[in-house]
Amino acid sequence: MTATVRAPGRVNLIGEHTDYSGGLVLPVAIQLGITVAFEPADRLELDAPGGEPYAAAVWDELAALGRRDVGLRGAVDADLPQGAGLGSSGAFEVAVALALCDVAGLELEPLELAQACRRAEQRAVGVPSGILDQAASLLGRAGHALLLDCATLEHRWVPLPQDVAILVLDSGERHSLEASGYADRRRELERGDPRRVRHVQTENARVREMVAALERGDPAALGPIFAAGHASLRDDYEVSTPTLDALVATALAAGAFAARMTGGGFGGSIVALAEPARAEDVLAHAGVDGWIVRSSDGAIRRRTGSTPDRA
Ligand code: GLA
């Protein structure tokens, strides 16, 4: 293989189910991700069980943007769990898109690429998702969260505190977004259901509060923001599950000072914050798969034997 691309997953700190209505999100790209090693070929030959519809949809979206018809042969290697609420399909689309752009010599702006990948997701599996996952995978920056306004695509990076560990705990509960109520929720929101609208309004306010708390170095403010965010997803948006609710309670009882579900919901993971000295303890007590998350840079391309390029 002549080149590799690596696209990270993401954990969304706050701003859940706000992206597809043009709200605010605050994701962090993480150390877990998807790597594709590839070389040019006649057709698209990607060894990625289950990934074919996504890869084909990315191909079609890039063709619509004028990509030359150059194929690739590639092998996929992932340490990002699928369906865990960590943006795995978005990261896969981003990795495939960067590889396809590379073999065809096509340069696209990160947000143009993110939008193409978001459309590919909808084309592949019919999930009308927003741009959160793909934007985080492309625009992440180590040591920072990405504050993105999904209406204007204006964005900036907010430094993460050194003295706070970010944990992801995977409930193990899996509901694919296409089979879940994701599309229902979006429809209900667009129809103006008062509780769905209230979630989005209060969640956008929580993103602003969280950014303000991070910027004034006030981690004590984060616990109540996470608690209100989780309650709103549970009660107003109804995308949490009893398993996720219980895992949030377990993380708090084990010493985390903030915890809430993250991602699309209906299963998947929670995100928790803890003092670094307590993080291992929280992981051990939770009794599920989990990670202490390191923030990472967005997707990179690497020629075999050379230094990486940011996408
Ligand atoms: C999934 C979608 C995102 C976003 C989140 C909820 O991860 O892919 O676009 O809507 O759910 O915040």
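Remarks
- Here the gap between HIS155 and ALA64, fully extended at 0.36 nm per residue and compared with their Cα-Cα distance, gives a gain of 30.2 nm.
- Distance between the modelled labels on GLN31 and ALA179, one decimal in nanometres: 3.2 nm (7 Å Cα→Cβ projection).
- Summed over the residues of the range 3-156 and divided among them, the accessible surface reaches 33 Å² per residue at a probe radius of 1.4 Å.
- Straightening the chain between VAL125 and ILE292 buys 57.1 nm, computed as 0.36 nm per residue apart minus the Cα-Cα spacing.
- If the convex hull is drawn through the Cα atoms of the range 59-190, its volume per residue in Å³: 146 Å³
- Table column - 3J(HN,Hα) (Hz), the range 131-148, Karplus curve with 6.51, -1.76, 1.60, x for Gly and Pro: 9, 3, 5, 5, 5, 5, 5, 8, 10, x, 9, 3, x, 9, 9, 9, 9, 10
- Rounded to 5, percent antiparallel among DSSP beta bridges of the range 1-127: 80 percent
- Taking only Cα atoms of the range 160-293, radius of gyration then Dmax in Å: 15.0, 46
- Simple spin-label estimate for ALA253 and ASP235 gives 2.1 nm between the two label positions (7 Å along the Cα-to-Cβ direction from each Cα).
- For the chain, the carbon plus sulfur part of the accessible surface works out to 49%, probe radius 1.4 Å.
- Two-decimal ratio, the chain, of alpha-carbon radius of gyration to 2.2 N^0.38 Å: 0.96
- Here is the list for the range 1-51: trypsin sites (Lys or Arg not before Pro) lying in DSSP coil, each with at most 15 other C-beta atoms within 10 angstrom of its C-beta, are ARG43.
- Spacing of the two label points (7 Å from each Cα toward its C-beta) at GLU39 and THR304, in nm: 0.5 nm
The values are calculated or read from the model by the stated rules, or taken from the named source; none is laboratory data. As the structure is a computational prediction, the values presented were derived from the model and not from experiment. Quick reminder, even Gly has a Cβ in these numbers, built from the backbone with ideal geometry, and neighbours come from all protein chains shown. Ligands, DNA and RNA are stripped out before the accessible areas are found, and what is left, the full protein with its side chains, is counted by its heavy atoms. Shrake-Rupley method; radii C 1.70, N 1.55, O 1.52, S 1.80 Å.
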